Amino acid sequence: MPTRMRPKRMEELVGGSLFWIVKHRMIAGQQILRFEDRSDGRLDIVCSSELIVIAAKPRRAHQGWRYLEAEVTEEADPSGVADLPPRLYGKLSALALV
């Protein structure tokens, strides 16, 4: 997967996970195997083919790299927002209620 932004802590990320956020919900992760420079100046993030599905967790919209500690990604959501049906969560999110 190509990116034009080079992470500042790139060496630390190898062996960690890249998390997928879809419609403001963190839904899955993949292990980062390595980074490779491309001829066009961008960077390839090489991830394992295994997709690790996690319990959907609400996340605010953001752009760029976020460094999450393991405890942050594994903790349960006590509010119950993650248990909302995706369609309802999407509507509430559009109204900025969650």
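Just to be sure before I move on: is I45 farther than 20 Å from P2 by Cα, in contact with a strand residue (DSSP E or B) (Cβ under 9 Å, 6 or more places away or on another chain) and at pLDDT 75 or above in the structure I sent? So I45 fails the test. Read through the list (1) part of a loop (DSSP other than H, G, I, E, B); (2) within 30 Å of Y89 (Cα to Cα); (3) at pLDDT 75 or above, then give the number of the only condition that I21 fails. If we test I21 against (1) part of a loop (DSSP other than H, G, I, E, B); (2) within 30 Å of Y89 (Cα to Cα); (3) at pLDDT 75 or above, just (1) comes out false.
Of all residues in the stretch 29-40, those being loosely packed, with under 13 Cβ neighbours inside 10 Å and over 18 Å from R9 (Cα atoms) number 3.
The set of residues in the stretch 1-50 that are basic (K, R) and under 12 Å from the mean Cα position of the chain (by Cα) comprises K23, R25.
The values are calculated or read from the model by the stated rules, or taken from the named source; none is laboratory data. Everything numeric here is computed off the predicted structure, so don't read it as measured data. In this analysis, Cβ positions are derived from the backbone assuming ideal geometry, glycine residues included, and neighbour counts consider all displayed protein chains.
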